[in-house]
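K.L.:
My structure is below; once you've seen it, I'll send some questions.
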Amino acid sequence: MQRYPVYLDLSGRPVLVVGGGRVALRKMPALLSSGAKVSLVSPSLVPELTRMAESGQFLWIPRRYLEGDEAGFSLVLALTDRPEINCQISGRSDGFVNQATPSEGNPVALPFVGRLDPLLLSMGSEPPDPLLVREVGEYLGGVLRREGIPVYALEHVMLRKVLLADGRHARPEIQKILQEFNLAWALGHPLQEDRLSAYGRRLGPDILNRLSDLLRSREEALRCI
């Protein structure tokens with residue numbers, strides 16, 4: 001049996017984390033950025049999680065896990081340092097559970113996710129091997145950055161946005177234009193200035209100016225993060 005890969009929209013959904021150590025710290029930023037309403041059960045927290053709890057980023061319940069804590073949560077992260085407790089949580093939950101310790105009863109394997117704006121590089125393995133997928137994911141992310149793929153991908157996303165807003169191109173025509181400027185074409189034109197010139201020749205100065213403005217605004221926004 002193979003696992004079914006899926007991206008979850010957790011915005012506004014309750015998620016339970018059991019455990020307040022380094023593993024929970026690694027997984028918390030992605031949970032919070034997803035918009036999930038996170039509750040964390042643990043008698044203690046590493047300092048970084050303590051500061052996050054004090055700033056109201058998640059609800060901290062400062063005690064040990066009790067049977068029934070997992071009720072009502074569609075996603076539970078069992079991240080204690082006791083494998084038997086993690087397995088008990090998985091067996092009791094009606095939702096999906098990710099365990100810190102791999103086992104047969106671990107229905108959810110969280111992938112490595114590399115953010116290469118606007119791309120998400122997701123990497124998993126079967127059977128799950130977190131160390132392996134992190135090493136391979138970080139390597140592939142480095143390769144993509146060196147090849148300039150995230151920069152091209154952002155151009156692609158913004159060009160599509162400009163063409164849709166322009167209103168002079170039907171969706172089939174937009175699809176055809178984007179296929180002209182596909183990844184293989186971009187690899188043959190590694191300099192962004194060359195690609196922008198090609199967009200301008202094909203689509204005219206007005207489209208090029210709007211595209212350039214969007215790219216410049218995104219770059220300025222990223223510098224402020």
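K.L.:
With a point put 7 Å past each Cα toward its Cβ, work out how far Asn182 is from Ser33 in nm, to one decimal.
P.N.:
3.0
K.L.:
For the pair Ser197 and Ser74, what calculated FRET efficiency results from E = 1/(1 + (r/R0)^6), where r is the Cβ-Cβ distance and R0 = 35 Å, to the nearest 0.05?
P.N.:
Values: r = 49 Å, r/R0 = 1.40.
Step by step, r from the Cβ atoms, then E = 0.10.
K.L.:
With θ taken as phi - 60° and the coefficients 6.51, -1.76 and 1.60, list the Karplus ³J(HN,Hα) couplings across region 26-37 in order, rounded to whole Hz; mark glycine and proline as x.
P.N.:
Going residue by residue, I get 5, 8, 5, x, 5, 4, 5, 5, 6, x, 5, 8 Hz, with x marking Gly and Pro.
K.L.:
Amide H neighbours of Trp60 under 5 Å, at least 5 residues apart or on other chains, H built in the peptide plane: list them.
P.N.:
For Trp60, the qualifying residues are Leu40.
K.L.:
Explain nothing, just the number: dipole magnitude of region 126-208 about its Cα centre with +1 on each Lys and Arg Cβ and -1 on each Asp and Glu Cβ, in debye rounded to the nearest 20.
P.N.:
Numbers: 11 positive and 12 negative charges, 79 e Å.
Around 380 debye, computed over region 126-208.
K.L.:
For the chain, with only Lys/Arg (+1) and Asp/Glu (-1) charged at the beta-carbon, what is the dipole magnitude about the Cα centre, in debye rounded to 20?
P.N.:
On the way: 27 positive and 26 negative charges, 88 e Å.
Roughly 420 debye for the chain.
K.L.:
Please give the contour-minus-distance gain from Tyr139 to His189: 0.36 nm per residue of separation, less the Cα-Cα distance, rounded to one decimal in nm.
P.N.:
Values: separation 50, 0.36 × 50 = 18.00 nm, distance 2.33 nm.
Gain on stretching Tyr139 to His189: 15.7 nm.
K.L.:
Can you put Leu163, Leu10 in order of Cβ neighbours within 10 angstrom, beginning with the fewest? Before the final figure, lay out the partial values.
P.N.:
Values: Leu163 22, Leu10 19.
Fewest-to-most ranking of Leu163, Leu10: Leu10, Leu163.
K.L.:
Something else about it: Given +1 on the Cβ of Lys and Arg, -1 on the Cβ of Asp and Glu, and no further charges, what dipole in debye does region 14-110 carry about its Cα centre, rounded to the nearest 20? Please list the in-between numbers first.
P.N.:
On the way: 9 positive and 9 negative charges, 56 e Å.
Charge dipole of region 14-110: 260 debye, to the nearest 20.
K.L.:
Over region 14-110, how many percent of alpha carbon pairs lie in each 5 Å bin up to the one with the longest distance?
P.N.:
In order of increasing distance, the bins hold 3, 15, 29, 28, 18, 7, 1, 0 percent.
K.L.:
Report, in deg cm²/dmol and to the nearest 500, the calculated mean residue ellipticity at 222 nm for the chain, where each DSSP H run with n ≥ 4 adds -39500 (n - 2.57) and the sum is divided by the residue count. Show your work: numbers first, answer last.
P.N.:
Values: 9 runs with 111 residues, N = 225.
Result for the chain: -15500 deg cm²/dmol, rounded to the nearest 500.
K.L.:
Which order do peptides 19-28, 71-80 fall in by mean Cβ count within 10 Å, highest first? Don't skip to the end; give the middle numbers.
P.N.:
On the way: 19-28: 19.0, 71-80: 20.8.
Highest-to-lowest ranking by the protection proxy: 71-80, 19-28.
K.L.:
Compute the Cα gyration tensor for region 149-223, then decide on rounded, prolate or oblate, letting a ≥ b ≥ c be the square roots of its eigenvalues: rounded whenever a/c is under 1.5, prolate when a/b is larger than b/c in the other cases, and oblate in all that remain.
P.N.:
Details: a/c = 1.57, a/b = 1.13, b/c = 1.38.
The shape class here is oblate.
K.L.:
Taking only Cα atoms, what is the 0 to 90° angle, nearest 10, from helix 192-203's long axis to the longest principal axis of the chain?
P.N.:
Once rounded, the angle reads 60 degrees.
K.L.:
Can you pull out the GluC sites (Glu not before Pro) in region 5-102 whose DSSP state is coil and whose Cβ has at most 16 other Cβ atoms within 10 Å?
P.N.:
Numbers: sites: Glu48, Glu54, Glu67, Glu70, Glu84; in loops: Glu67, Glu70.
Taking region 5-102 and a limit of 16 other Cβ atoms within 10 Å, the loop GluC sites (Glu not before Pro) found are Glu67.
K.L.:
May I pose another question? Using a Förster distance of 45 angstrom, determine the FRET efficiency expected from the C-beta separation of Glu54 and Arg171, and round it to 0.05. List each step's numbers first, then the result.
P.N.:
Numbers: r = 49 Å, r/R0 = 1.08.
Rounded to the nearest 0.05, the efficiency is 0.40.
K.L.:
Considering just Cα atoms, how many Å³ per residue does the convex hull of region 38-167 enclose? Walk me through the numbers on the way to the answer.
P.N.:
Numbers: hull volume 23.0 nm³, N = 130.
Convex hull of Cα atoms, per residue: 177 Å³.
K.L.:
Shifting gears a bit: Debye sum, Cα scatterers, the chain, no solvent: what log₁₀ I/I(0) at q = 0.09, 0.11, 0.13, 0.14 1/Å?
P.N.:
Each listed q corresponds, in turn, to -0.52, -0.72, -0.88, -0.94.
K.L.:
With an 8 Å Cα cut-off and a minimum separation of 6 or more residues, compute the relative contact order for the chain in percent. All intermediate terms of the calculation are to be shown ahead of the outcome.
P.N.:
On the way: 275 pairs, mean separation 26.1, N = 225.
It comes to 12 percent, rounded to a whole number.
K.L.:
Each residue of region 180-189 in turn: what ³J(HN,Hα) in whole Hz from Karplus with 6.51, -1.76, 1.60 and θ = phi - 60°, glycine and Pro shown as x?
P.N.:
These are the phi-based 3J(HN,Hα) values: 5, 9, 7, 5, 4, 4, 5, 5, x, 10 Hz.
Each value in this text was obtained by applying a stated rule to the coordinates, not by laboratory testing. Note that the coordinates shown come from a computational prediction; the quantities given were computed from them, not determined experimentally. Cβ sites come from the backbone with ideal geometry, for glycine too, and all protein chains shown count toward neighbours.
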